[in-house]
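Below: one structure, written as structure tokens.
Rule-based calculations on the coordinates, nothing more; no lab input. Everything quoted here is computed from the prediction, not taken from an experiment. Methodologically, a virtual Cβ is constructed for each residue, glycine included, from the backbone with ideal geometry; neighbour enumeration extends over all protein chains shown.
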Amino acid sequence: MTDWRPALSRSAMLRHCPVRQAELLIVPERIVVLNDEAAEIVGLCDGKRTVAEIVAEFPVEAGEDVTEFLDRVHAEGWLQ
């Protein structure tokens, strides 16, 4: 799946909430408050970068966690 170029699905939006001082992933019937790391990962999902390129933005020891997070968010249908 390293050729996959993740992007937010059409039904998902990433927005900053000034009240919570957090990034929100807004999807149908749900709002997900992202921690800083998750927001950074989702922010890199622009449809241009491959998974390998996104993983390369993080420390080597975080690579597996980043990949698992992308797979989980993709399974939820929030990434295409």
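Scaled against the 2.2 N^0.38 Å expected of a compact globular protein of N residues, the Cα radius of gyration of the stretch 5-47 reads 1.10. Each label was represented as a point 7 Å from its Cα along the Cα-to-Cβ direction; for residue 33 and residue 75 these points are 2.4 nm apart.
Using the Karplus relation 6.51 cos²θ - 1.76 cosθ + 1.60 with θ = phi - 60°, the per-residue 3J(HN,Hα) values for the stretch 50-66 come to 7, 4, 4, 5, 5, 4, 5, 6, 10, x, 3, 5, 8, x, 5, 5, 5 Hz, with x marking Gly and Pro. Relative to its Kirkwood radius, the Cα radius of gyration of the chain gives an Rg/Rh of 0.95. About the centre of its Cα atoms, the chain shows a dipole size close to 500 debye [charges on the beta carbon of Lys, Arg (+1) and Asp, Glu (-1) only; nearest 20 debye]. Estimated from helical segments only, the mean residue ellipticity of the chain at 222 nm is -9000 deg cm²/dmol, where each DSSP H run of four or more residues counts as -39500 (n - 2.57).
For residue 68 and residue 24, what does the FRET efficiency come to when R0 = 22 Å and r is the distance between their Cβ atoms, rounded to the nearest 0.05?
Working: r = 21 Å, r/R0 = 0.97.
Working from the Cβ atoms, E equals 0.55.
Take 3-14, 26-37 and order them by the average number of nearby Cβ atoms within 10 Å per residue, most first; the result is 3-14, 26-37.
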